[in-house]
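Enquirer: Sharing a structure below in structure tokens format, with a few things to ask.
Every read-out reported here was derived from the displayed coordinates using simple, explicitly stated rules and does not represent laboratory data. Just so it is clear, the structure is predicted and the values come from calculations on it, not from any experiment. Neighbour counts are summed over all protein chains in view; Cβ atoms, including those assigned to glycine, are modelled from backbone coordinates with ideal geometry.
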Amino acid sequence: MTTLLPLETPVPTQDVWSVSQVTAAVRRLLDRNLGAVWVRGEVIQCKAWSSGHWYFTLRDAKSQVRCCMWKQQAAKAGRPPEDGTEVYVLGTPGLWEEKGEFRLIATAVIPTSAIGQQQQELERVKAALQRDGLFDTTRKRPIPAFARCVAVVTSLDGAALRDVTIVIRRRWPCSRLAVVAARVQGEGAEAELVRALGLVNRLADVDVCIVGRGGGAREDLGVFNSEAVCRALAAVRVPTISAVGHETDVSLTDFVADLRAATPSAAAEAAVPDRADVDRRLGSLAARLASGLTLRTSLAAERLERTADRLSCAMDDVITSRKHRAERAAAQLEALSPLRVLSRGYAVATAEGAVLRRRAAFVPGRRFDLRVADGTVAARVEDA
């Protein structure tokens with residue numbers, strides 16, 4: 001089957017170059033037309049490798065170029081320049097053929113007396129925020145121990161939101177997420193972040209707010225050094241966590257927020273408790289409570305037992321005392337009893353329930369009872 005191309009579509013000729021030929025030609029063109037030149041710019045992403053080579057990027061307000069400095073020249077230059085430092089670089093423009101990448105091979109790096117434009121702005125914002133007390137540790141609020149709702153201000157397309165969601169679902173699934181979308185780099189990112197942070201204050205039941213993004217180049221994180229964003233973060237009514245970039249990345253929002261997290265995942269771990277840890281703590285607390293209750297019950301039982309012993313002894317003492325008193329009273333009553341008199345040989349005459357006390361009561365022929373020590377004897381008066 002033959003495919004016919006439109007008439008206006010160009011077709012390859014016999015003179016077709018390979019990619020290697022193109023990059024080699026461009027390199028020869030650069031080498032032939034450009035020698036070593038002095039370039040002025042701001043250093044970013046500077047890193048000295050263990051091999052001794054330096055790799056960094058040089059930029060101005062409109063453009064940037066990758067630079068490398070080989071080991072011999074780097075050893076002569078001394079310490080690598082810090083990010084944000086403005087320098088003069090003597091280098092030869094060239095092309096890395098394997099990657100088709102334009103770069104500047106530096107042979108000398110001389111710092112200027114000025115700080116880069118972006119670094120100047122960073123220092124100005126930092127001084128203004130510090131002057132207004134936004135960096136003071138006294139204004140830092142504690143992160144709640146059991147957050148019911150966590151607001152996350154970040155991009156919907158970034159890895160930060162995914163990392164935060166995974167960590168919170170794993171650690172504390174009962175917590176709700178309120179995602180407030182905002183761009184975190186590029187044009188319009190500053191305004192969107194300010195709007196999103198203001199929107200957090202209008203959300204009900206939010207306990208903590210996470211703001212941040214995943215890793216990136218230093219210039220990609222620049223919006224988190226914005227004065228407007230930092231002041232909007234300081235105005236959030238709930239405790240805040242700043243999680244911008246990786247562990248080594250530091251932005252001004254890290255100083256303004258109530259807590260700085262090295263990564264978005266670390267921010268999620270700080271925002272909510274760990275369910276497994278809470279279960280362990282509850283189990284330990286239950287064991288301690290059970291042990292305490294058992295100890296208290298044992299102590300109460302011992303106290304009750306001692307109290308019962310004391311009560312028993314006291315009751316025995318009272319009963320014994322009362323028994324002795326009763327025995328003494330019985331002895332006294334026994335001594336006064338008429339029966340004791342009868343036991344000594346006396347007798348008592350009674351008739352019709354009355355004691356015959358006088359001789360006149362003994363009428364001849366009258367019957368009466370004679371009470372003696374061991375019983376009653378029927379009797380009759382024979383002669384008065």
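Enquirer: Would you mind pulling out the separation of the Cα centroids of the range 168-212 and the range 22-80, in Å?
Expert: 40 Å
Enquirer: Choose one of Thr112, Val381, Ser155: the residue whose Cα lies farthest towards the positive end of the charge dipole of the chain (beta-carbon charges +1 Lys, Arg; -1 Asp, Glu; about the Cα centre).
Expert: The one lying farthest along the dipole's positive direction is Val381.
Enquirer: Does anything in the range 168-208 have its amide N under 15 Å from the 7 Å Cα→Cβ label point of Arg148, and if so which residues?
Expert: Answer for this model: 174-178, 203-208.
Enquirer: With a point put 7 Å past each Cα toward its Cβ, work out how far Ala191 is from Lys140 in nm, to one decimal.
Expert: In this crude label model, Ala191 to Lys140 measures out at 3.5 nm.
Enquirer: Turning to a different aspect of this structure: Multiply the residue gap between Trp38 and Arg322 by 0.36 nm, knock off their C-alpha separation, and tell me the result in nm, one decimal place.
Expert: Fully extending the segment from Trp38 to Arg322 adds 90.1 nm.
Enquirer: If packing is taken as the average number of other Cβ atoms within 10 Å across a peptide's residues, how do 222-228, 72-78, 182-188 rank, most packed first?
Expert: Most protected by this proxy first, the peptides run 222-228, 182-188, 72-78.
Enquirer: I need to check one value: relative contact order of the range 19-115, counting alpha carbon pairs closer than 8 Å and at least 6 residues apart, in percent.
Expert: In percent, rounded to a whole number, it is 31.
Enquirer: Here's a follow-up. Just from its helices, what would the mean residue ellipticity at 222 nm be for the chain, if runs of 4 or more DSSP H residues each count -39500 (n - 2.57) and the sum is divided by every residue, rounded to the nearest 500 deg cm²/dmol?
Expert: The per-residue figure over the chain is -13000 deg cm²/dmol.
Enquirer: If you don't mind, there's one more thing I want to ask. Would you mind ranking Met69, Met315 by Cβ crowding within 10 Å, fewest neighbours first?
Expert: Exposure proxy ranking, most exposed first: Met315, Met69.
Enquirer: Something else about it: If you fit an axis through the alpha-carbon atoms of helix 19-33 and take the longest principal axis of the Cα set of the chain, what angle between them do you get, 0 to 90°, nearest 10?
Expert: With rounding to tens, the tilt is 70 degrees.
Enquirer: Going toward the positive end of the dipole of the range 275-333, with +1 on Lys and Arg Cβ and -1 on Asp and Glu Cβ, which of Ala330, Gly283, Leu311 do you reach last?
Expert: Gly283
Enquirer: May I ask what percent, to the nearest 5, of DSSP beta bridges between residues of the chain are antiparallel?
Expert: Roughly 65 percent of the beta bridges in the chain run antiparallel, per DSSP.
Enquirer: Also, quick follow-up: Can you tell me, using C-alpha contacts under 8 Å and at least 6 residues apart, the relative contact order of the range 120-273 as a whole percent?
Expert: Relative contact order here is 29 percent.
Enquirer: Measure up Lys76/Lys126; Lys76/Lys99; Lys71/Lys126; Lys62/Lys99 against 25 Å on the Cα-Cα distance and list the ones that go over.
Expert: Those over the limit are Lys76/Lys126; Lys76/Lys99; Lys71/Lys126.
Enquirer: Ordered by residue, what ³J(HN,Hα) values in Hz, to whole numbers, does the range 361-375 give under the Karplus form 6.51 cos²θ - 1.76 cosθ + 1.60, where θ = phi - 60° and Gly and Pro are x?
Expert: Using θ = phi - 60°, the values come out as 7, 8, 7, x, x, 6, 8, 8, 10, 10, 7, 10, 4, 10, x Hz.
Enquirer: Expressed in nm to one decimal, what extension gain is obtained for the pair Ala286 and Ser20 from 0.36 nm per residue of sequence separation less their Cα-Cα distance?
Expert: Extra length available between Ala286 and Ser20 comes to 88.5 nm.
Enquirer: Next question, about the same structure. Figure the gain on full extension for Ala127 and Arg357 (residue separation times 0.36 nm, minus the Cα-Cα span) and round it to one decimal in nm.
Expert: 69.9 nm
Enquirer: Counting Lys and Arg as +1 and Asp and Glu as -1, what is the net charge of the other residues whose Cβ lies under 14 Å from the Cβ of Phe368?
Expert: So the environment of Phe368 carries a net charge of +4.
Enquirer: Rounded to the nearest 20 Debye, what is the dipole magnitude of the chain about its Cα centre when Lys and Arg each give +1 and Asp and Glu each give -1 at the C-beta?
Expert: Once rounded to the nearest 20, the dipole reads 2400 debye.
Enquirer: With axes computed from alpha carbons, what is the tilt in degrees of helix 159-171 against the longest principal axis of the chain, rounded to the nearest 10 within 0 to 90?
Expert: Taking Cα atoms only, the helix is inclined about 20 degrees.
Enquirer: Which value in nm describes the separation of the simple spin-label points at Leu90 and Ala204, placed 7 Å from the Cα toward the beta carbon?
Expert: 7.0 nm
Enquirer: Another question, then. What list do you get for Thr248, Thr297 if you sort them by fewest beta carbons within 10 Å?
Expert: Lowest to highest Cβ neighbour count: Thr248, Thr297.
Enquirer: Next question. Can you put Leu259, Leu285 in order, fewest other beta carbons within 10 Å first?
Expert: Fewest-to-most Cβ neighbours within 10 Å comes out as Leu285, Leu259.
Enquirer: So what is the relative contact order of the chain, in percent, for Cα pairs below 8 Å that sit 6 or more residues apart?
Expert: 10 percent
Enquirer: Taking the Cβ-Cβ separation of Leu333 and Asp374 as r and a Förster radius of 22 Å, what is the calculated FRET efficiency to the nearest 0.05?
Expert: Once rounded, the FRET efficiency stands at 0.65.
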